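This report concerns only the one structure given below.
The values are calculated or read from the model by the stated rules, or taken from the named source; none is laboratory data. Note that this is a predicted model, so its numbers are computed, not measured. In this analysis, Cβ positions are derived from the backbone assuming ideal geometry, glycine residues included, and neighbour counts consider all displayed protein chains. What goes into the accessible areas is simple: the full protein's heavy atoms, side chains included, and nothing from ligands, DNA or RNA. Shrake-Rupley method; radii C 1.70, N 1.55, O 1.52, S 1.80 Å.
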Amino acid sequence: MMLKEMQKLPEAVQLIEKASMMYLENGTPDTAAMALERAGKLIENVDPEKAVQLYQQTANVFENEERLRQAVELLGKASRLLVRGRRFDEAALSIQKEKNIYKEIENYPTCYKKTIAQVLVHLHRSDYVAAERCVRESYSIPGFSGSEDCAALEQLLEGYDQQDQDQVSEVCNSPLFKYMDNDYAKLGLSLVVPGGGIKKKSAAPQAKSEGATAPATEEDEDEYAGGLC
């Protein structure tokens, strides 16, 4: 605590980690977990990567004690920090672990929300196949297939696959997505389909009289001569 007052946070965290190991060795895992979580909060704004590690360690302690609700709460903190740092590969794994625990404790509605988070992370990784697999695997979760979450995700994936930015934006601006945890809501609002969502204009039908259409054709060519952007 004195190191904290002196703004020597890395050194403070180092001592807290050492204390937590001693608590574990002494058979007081609850106190060890509390110490690790405190260290994570202390260092979060200075060193998010270290905070992720500490939250994951805390989750492991709780999980070993079969306190799954506390474990999944800490995993959630780690996942959000990973997303904030755009470490999407690690975030996808962390969210999957959250989802597995929520499924184990039969908190199915939260599983649906974690599926949305997973899909957004995978699409930001430009991995449509993994995003689609997440939704497909979630059909086994009771109640998912008839939920608004499932319907929204199917619509999102369809829009992304068809490079329809309007459809993707409509889904991501819906209350279901906007009122998620802030880090995931931001992922939705910043999601751009492949190609930037610019659809190719369909060719205009040719008129019977070539003379009447010639000037219009030249205008079209001039308008798009430099490309769409």
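Looking for something of a type in the set (Val, Ile, Thr) and in a loop (DSSP other than H, G, I, E, B) - is there at least one such residue anywhere in region 23-36? So far as region 23-36 goes, yes, one or more of its residues are of a type in the set (Val, Ile, Thr) and in a loop (DSSP other than H, G, I, E, B). Each residue in region 93-122 was checked for being open to solvent by 10 Å² or more (accessible area, probe 1.4 Å) and of a type outside the set (Ser, Thr, Tyr), and 14 pass. The set of residues in region 74-92 being touching a Leu at 6+ places or on another chain (Cβ under 7 Å) and either on the phi > 0 side of the Ramachandran plot or open to solvent by 60 Å² or more (accessible area, probe 1.4 Å) (or both) consists of Glu90 alone. Just to verify a result, which residue in region 165-179, among those that are modelled with pLDDT of 95 or more and part of a loop (DSSP other than H, G, I, E, B), is most open to solvent (accessible area, probe 1.4 Å)? Filtering region 165-179 for residues that are modelled with pLDDT of 95 or more and part of a loop (DSSP other than H, G, I, E, B), the one most open to solvent (accessible area, probe 1.4 Å) comes out as Asn173. Return yes when Glu90 is in a helix (DSSP H, G or I) and more than 19 Å from Leu189 (Cβ to Cβ) and no when it is not. Here the answer is yes, as Glu90 does meet what is asked.
Taken over region 136-164, the criterion of being surrounded by 14 or more Cβ atoms within 10 Å (Cβ to Cβ), among the aliphatic types (A, V, I, L, M) and assigned to a helix (DSSP H, G or I) is satisfied by Ala152, Leu153, Leu156, Leu157. The numbered conditions (1) farther than 20 Å from Glu90 by Cβ; (2) crowded, with 19+ Cβ neighbours inside 10 Å; (3) of a type outside the set (Ser, Thr, Tyr) are all true for Ala71 except (1).
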